[in-house]
Amino acid sequence: MNILKQGAQKLTRLFRARKKRSERMKDRPVKVKTYRPSLESLEDRTMLSATPALLGTDLTTYFHDLLDSQSASFTQTETIANASVGGFLQLSNLTLTETANLSSGGVWSGTIGLSATLATLFPGSSFGASITSTAPNTDALTGTFTIGATGSDFALTAANLVMHVGEALTITASNIGITYSSTGADDQTLATIQTATVPPT
């Protein structure tokens, strides 16, 4: 009996000790380990598109800034390495022949001649077209910008156009008329093709 009594007393003391320890743990702050997941650096896969910086100088903005900087009628010729019209036409090695007249009332009029040795229609798209000249010493694209025009202020002619539609279709054309109104709607007609050729596949 004494052995059983002693055993029961030990179990009672052990149970009380564990209960007191459990009560003390309730008031003790618990440290929790956390792990912050790391992010791997991903390769930049942004596709190249025809952004304004890649297209070059926007001609509509350039012409407006040019007129704002002048205080009298002027005539001059200058060249621009890369320029664009409306974001749909990129011009390379562009020559500008500027004849601008300022009236007494402060209204500009006149024309600016354009000639480029190379041009690209719809640059950066899957159906972009290269505009070139098949004759030596002849510009690929010529035309005018009419200062103060109420309709189409750009009137251009492309000598020779080659358009690749995907990988299966190629279209060639010549003497393409391109008109553009810098203040017109987004769905305006841009190009008129009289004759086009689709080579047999």
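The values are calculated or read from the model by the stated rules, or taken from the named source; none is laboratory data. Just so it is clear, the model here is predicted, and its values are computed rather than measured. Reconstructed Cβ throughout: ideal geometry from the backbone, glycine too, with neighbour counts over all protein chains shown.
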Would you check if there is a residue in segment 103-113 being within 23 Å of the chain's Cα centre (by Cα), part of a strand (DSSP E or B), crowded, with 18+ Cβ neighbours inside 10 Å and at pLDDT 90 or above? no
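Can you pull out the residues in segment 58-79 that are β-branched (Val, Ile, Thr) and either outside any strand (DSSP E or B) or surrounded by 16 or more Cβ atoms within 10 Å (Cβ to Cβ) (or both)? Walk me through how you get there before you give the answer.
Residues of segment 58-79 β-branched (Val, Ile, Thr): 60-61, 75, 77, 79.
Hits for segment 58-79 are 60, 61.
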Tally, over segment 168-201, of residues that are closer than 15 Å to residue 130 by Cα and either under 26 Å from the mean Cα position of the chain (by Cα) or part of a loop (DSSP other than H, G, I, E, B) (or both): 8
Is it the case that segment 115-125 has a residue that's surrounded by 16 or more Cβ atoms within 10 Å (Cβ to Cβ), over 15 Å from residue 85 (Cβ atoms) and under 27 Å from the mean Cα position of the chain (by Cα)? yes
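Within segment 164-176, identify whether any single residue is in contact with a Gly (Cβ under 8 Å, 6 or more places away or on another chain), surrounded by fewer than 13 Cβ atoms within 10 Å (Cβ to Cβ) and of a type outside the set (Lys, Arg), and answer yes or no.
Kept after step one, since they are in contact with a Gly (Cβ under 8 Å, 6 or more places away or on another chain), are these residues of segment 164-176: 164.
After this cut, where a residue has to be surrounded by fewer than 13 Cβ atoms within 10 Å (Cβ to Cβ) as well, the list is none.
No, the conditions are met nowhere in segment 164-176.
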Pairs where the first residue, in segment 150-172, is free of Cβ contacts under 8 Å to residues at least 40 places away in the same chain and more than 28 Å from residue 108 (Cα to Cα) and the second is surrounded by 16 or more Cβ atoms within 10 Å (Cβ to Cβ) and among the acidic types (Asp, Glu), C-beta under 8 Å, 6+ apart: 159/139
Examine segment 130-150 for a residue that is under 25 Å from the mean Cα position of the chain (by Cα), within 28 Å of residue 67 (Cα to Cα), assigned to a strand (DSSP E or B) and among the aromatic types (Phe, Trp, Tyr), and state whether such a residue exists. yes
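Please pick out the residue among 150, 134, 146 that is within 20 Å of residue 181 (Cβ to Cβ), surrounded by fewer than 17 Cβ atoms within 10 Å (Cβ to Cβ) and touching a strand residue (DSSP E or B) at 6+ places or on another chain (Cβ under 6 Å). If you could, list the steps in order and put the result at the bottom.
Numbers: 150 fails: touching a strand residue (DSSP E or B) at 6+ places or on another chain (Cβ under 6 Å); 134 fails: within 20 Å of residue 181 (Cβ to Cβ).
Criteria check complete, one pass: 146.
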Residue 87: passes all of (1) modelled with pLDDT of 50 or more; (2) more than 30 Å from residue 150 (Cβ to Cβ); (3) surrounded by 10 or more Cβ atoms within 10 Å (Cβ to Cβ) but (2)
